[in-house]
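Following: one structure in structure tokens, then a few remarks.
The values are calculated or read from the model by the stated rules, or taken from the named source; none is laboratory data. The structure displayed is predicted, hence computed values, not measured ones. Cβ atoms come from the backbone with ideal geometry, glycine included; neighbour counts cover every protein chain shown. Remember, those area values only see protein heavy atoms, side chains included, never the ligands or the DNA or RNA. Shrake-Rupley method; radii C 1.70, N 1.55, O 1.52, S 1.80 Å.
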Amino acid sequence: MANRSRALVWTGIGLCVAGAVGLVVGGALDVDAADPWASVAGAAAGLLGLAVTLYALLGPARTPAPAPTSSVTASGNRSVAAGGGIGSVSTGDGTSAAPPPTMPTSPSRPANGPVTASGERSVAAGGDIGSVSTGDA
């Protein structure tokens with residue numbers, strides 16, 4: 001696909017250069033004759049731009065990159081597991097986990113392997129964990 005895109009870009013550049021040279025030569029030889037050529041060149045450029053835009057919007061669908069494979073399992077009573085980051089979580093009775101004073105500003109990447117929280121009130125994350133409370137109040 002990269003070779004096809006590169007070919008389209010170079011074709012567009014070549015057409016622009018050829019059109020510019022043609023208009024300069026036409027203008028140097030006869031200004032009155034260059035006017036209709038400029039109109040035709042402008043119309044052709046507009047149609048070519050429309051065609052390229054429609055191709056980019058409606059052309060063949062691009063396949064997104066496959067997501068990292070991971071399995072996320074929370075099997076214990078009141079357990080929590082997340083493939084990415086966890087801001088705050090509370091598994092106890094009458095408790096709350098306040099967000100920490102500073103959380104990472106960039107999103108954490110999903111785990112590339114399994115994430116398992118298998119014990120009672122256990123917490124597991126494939127990314128950052130901000131604040132956790134697992135006890136009762």
(message) Just to verify a number: what accessible area does Ser96 come out at with the full protein assembly present, 1.4 Å probe, Å² rounded to tens?
(response) 100
(message) Quick check: from the Cα gyration tensor, does region 8-56 come out rounded (a/c under 1.5), prolate or oblate?
(response) oblate
(message) Can you tally the net charge around Gly76? Count Lys and Arg as +1, Asp and Glu as -1, for every other residue whose Cβ sits under 14 Å from the Cβ of Gly76.
(response) +1
(message) Run the simple label-point estimate for Asp32 and Val52 please: 7 Å along Cα→C-beta, distance reported in nm.
(response) 3.5
(request) Provide the per-residue ³J(HN,Hα) series for region 71-87, in order, calculated from phi with Karplus coefficients 6.51, -1.76, 1.60 and θ = phi - 60°, each as a whole number of Hz, with x at glycine and proline positions. (result) 10, 10, 9, 10, 9, x, 4, 6, 8, 9, 9, 9, x, x, x, 10, x
(request) Could you list which residues have their amide H under 5 Å from that of Ser133, counting only those 5 or more apart in sequence or on another chain, with H placed in the peptide plane? (result) Val89, Ser90, Thr91
